[in-house]
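The structure appears below as structure tokens.
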Amino acid sequence: MLAKIQRQIRKSRGFTLVELMIVVAIIGILAALAVFGVRKYLANAKTAEARNALGQMAKDAVTAYDKEGMAATVLALGGTASLNHRLCLSASPVPATAPAAAKYQSSPADWKTGDKDNGWQCLKFSMQDPQYFSYNYIGAAGTFSCIANGDLDGDGTASTFRMLGATATASSGGTVAIYAPNIDEINPDE
């Protein structure tokens, strides 16, 4: 009878301290991995804004180059006017400095600077939603750069995304505007 009581006590006694400590350690490791994964996911979600915006800016620069332009003068009867293509010239950054660990709501007026040959009006690019990055477009003779700068975590180290483009001679003899197949990323998770 005593042996039977001892077996029942052993069956109902529960977990040992070592077993509980192992479970707590496993839960701690899983929590640490989850926090790292969530941080990486959030950083990727924020940098998607810059990647999408730069892709659109590069496409807008090529579209602006492809539009037909010619002199605004009266043609003589039977005369011709040659078409010319040109890249948009530089725009001022919006906002002027990159927001640090915050979003910035730009004004529609920020994107209306320039004219038909310069700046954001030439590109026809704008953003209506709050943004994590400062956007800049630099256009010069034959090349352009679309740039996004931001400090996603507020530590003073900036993330920089850049997409380059240029004019090139096509096999058909004309010139075309092209852009890089990839975005250059410096400290993308900062």
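In this simple spin-label approximation, Ser171 and Lys59 carry label points 7 Å from Cα along the Cα→Cβ vector, and these lie 2.5 nm apart. Within the straight-line cut-off of under 28 Å between alpha carbons, the lysines reachable from Lys116 are Lys59, Lys67, Lys124, sequence neighbours fewer than 8 places apart in one chain being disregarded. At 222 nm, what helix-only mean residue ellipticity would the chain give, in deg cm²/dmol to the nearest 500, using -39500 (n - 2.57) for each DSSP H run of four or more? Mean residue ellipticity, 222 nm, calculated: -12000 deg cm²/dmol.
Near Phe144, the amide H atoms lying under 5 Å from its own belong to Gly165, Ala166; only residues 5 or more places off or on other chains count, and H is placed 1.01 Å from N.
Would you mind telling me which residue in Ile178, Ile22, Ile138 has the biggest mean-square fluctuation in a Gaussian network model of the chain, where springs connect alpha carbons within a distance under 10 angstrom? Judging by the Gaussian network model, the answer is Ile22. The length gained on full extension between Asn182 and Val18, counted as 0.36 nm times the residue separation minus their Cα-Cα distance, comes to 53.8 nm.
Rounded to the nearest 10 degrees, the inclination of helix 2-11 to the longest alpha-carbon principal axis of the chain is 10 degrees. For the range 53-102, averaging the sequence separation of C-alpha pairs within contact (under 8 Å, six or more residues apart) and dividing by the residue count gives a relative contact order of 36 percent.
Between the Cα long axis of helix 17-66 and the first principal axis of the chain there is an angle of about 10°, rounded to the nearest 10. Straight Cα distances below 22 angstrom link Lys103 to the lysines Lys40, Lys46, Lys112, with same-chain residues fewer than 8 positions distant left out. Each Lys and Arg Cβ is given +1 and each Asp and Glu Cβ -1; about its Cα centre, the chain then shows a dipole of about 1360 debye.
Of all the options Leu17, Leu30, Leu87, the one that moves most in a Gaussian network model of the chain with Cα springs shorter than 10 angstrom is Leu17.
Here's the picture: charge each Lys and Arg Cβ at +1 and each Asp and Glu Cβ at -1 in the chain, and of Gly79, Ala96, Thr175 the one pushed furthest to the positive end of that dipole is Ala96. Here the contact order of the chain, divided by its residue count and restricted to Cα pairs under 8 Å and six or more residues apart, works out to 19 percent. For Thr175, the residues 5 or more places off, or on other chains, whose built amide H falls under 5 Å of its own are Ala170.
No value in this document is a laboratory result; all are computed from the given coordinates. Note that the coordinates shown come from a computational prediction; the quantities given were computed from them, not determined experimentally. In this analysis, Cβ positions are derived from the backbone assuming ideal geometry, glycine residues included, and neighbour counts consider all displayed protein chains.
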